[in-house]
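Notes follow once the structure below has been shown.
The values are calculated or read from the model by the stated rules, or taken from the named source; none is laboratory data. This is a predicted model, so every value here is computed, not measured. In this analysis, Cβ positions are derived from the backbone assuming ideal geometry, glycine residues included, and neighbour counts consider all displayed protein chains.
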Amino acid sequence: MLEIRKAAERGHANHGWLDSWHSFSFADYHDPRHMGFGPLRVINEDRIQPGMGFGTHGHRDMEIISYVLEGALAHKDSMGNGSTIEPGDVQRMSAGRGVMHSEFNHAAADETHFLQIWIEPNVRGIDPGYEQKRFDTEDKRGRLRLVASPDGREGSVKIHQDAFVYAALLDGAERLAHRLEPNRRAYLHVARGRLRASGQALSAGDALKATELEEIVLEEGAQAEVLLFDLP
């Protein structure tokens, strides 16, 4: 079964310094029909204005992935990590029993455009952890590149959940297929551009939910960048 969620149907909040679109219920946006998809709990498409950001705040028992599309995101946390995330980087923070962190756009003129992703873990109360890896354009061009997994296989970041996250860049005649094992589901988020997914036309911000499906086929991409979540 396939279900499409168009970009404009998402929750939206514009705080001036932050423009955010919520794929699932988050903060003041609540829709009982969109509380998550399996363990995938949050996909926020955020745009942070120059010189602004999220002050120090806390999380616990959540796998948090940041995926930057444009600009840069400075990160600091109570584990002692300090880094800058740029396009091509994937950051994973396991909040575990509790962590404090901040995220900031230090640029003088450019906004930061990124995806904030939360995946519910299959274990609670663990030590918090941090990991950041780079996946260059050629790693994702015309292929589904594994960027997060339960065991860190293929150089992906490790998350505490039976979930696999893939990133791909797709243009022209490039065609990709992802096979789903029995009792697995998939969620496709179009970060930018447009493409056709299992016959469905999708554009930036759109999503496709797939259940009881053997395979997802991606084709007819036009500067498309997508994230595919293979979920229990």
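Annotations for the structure displayed:
- Under the condition of being assigned to a loop (DSSP other than H, G, I, E, B), buried (at least 21 other Cβ atoms within 10 Å of the Cβ) and aliphatic (A, V, I, L, M), the residues counted in segment 73-126 number 1.
- Cβ separations smaller than 7 Å between residues 6+ apart or across chains give the following pairs from segment 15-31 residues that are touching a residue at least 24 places away in the same chain (Cβ under 8 Å) to residues that are surrounded by fewer than 17 Cβ atoms within 10 Å (Cβ to Cβ) and of a type in the set (Gly, Ala, Ser): 20/13.
- Residues that are surrounded by fewer than 17 Cβ atoms within 10 Å (Cβ to Cβ) and under 20 Å from residue 3 (Cβ atoms) are absent from segment 151-162.
- Positions within segment 58-68 being assigned to a strand (DSSP E or B) and surrounded by fewer than 17 Cβ atoms within 10 Å (Cβ to Cβ), in sequence order: 58
- Close contacts from segment 120-149, counting a first residue that is at negative phi and touching a residue at least 12 places away in the same chain (Cβ under 8 Å) and a second that is assigned to a loop (DSSP other than H, G, I, E, B) and hydroxyl-bearing (Ser, Thr, Tyr), with Cβ to Cβ under 9 Å and a gap of 6+ residues or different chains, come to 128/78; 133/156; 135/156; 145/156; 146/156; 147/156; 148/156; 149/156.
- Here residue 10 does not fit the description of being charged (D, E, K, R), within 18 Å of the chain's Cα centre (by Cα), closer than 21 Å to residue 130 by Cα and at pLDDT 95 or above.
- Among all positions in segment 133-147, there is at least one residue which is within 13 Å of the chain's Cα centre (by Cα) and not basic (Lys, Arg).
- Unmet criterion (only one of (1) under 14 Å from the mean Cα position of the chain (by Cα); (2) part of a strand (DSSP E or B)) for residue 24: (2)
- Strands (runs of 3 or more DSSP E) wholly inside segment 172-232 containing at least 1 residues that are closer than 24 Å to residue 20 by Cβ: 185-197, 200-203, 207-210, 215-231
- Filtered residues of segment 30-57 (kept if farther than 22 Å from residue 78 by Cα and assigned to a loop (DSSP other than H, G, I, E, B)): 30, 31, 32, 33, 34, 35, 36, 38, 39, 49, 50
- Taking first residues from segment 190-212 that are surrounded by fewer than 18 Cβ atoms within 10 Å (Cβ to Cβ) and partners that are modelled with pLDDT of 95 or more and not in a strand (DSSP E or B), the Cβ contacts under 6 Å between residues at least 6 apart in sequence or on separate chains come to 192/204.
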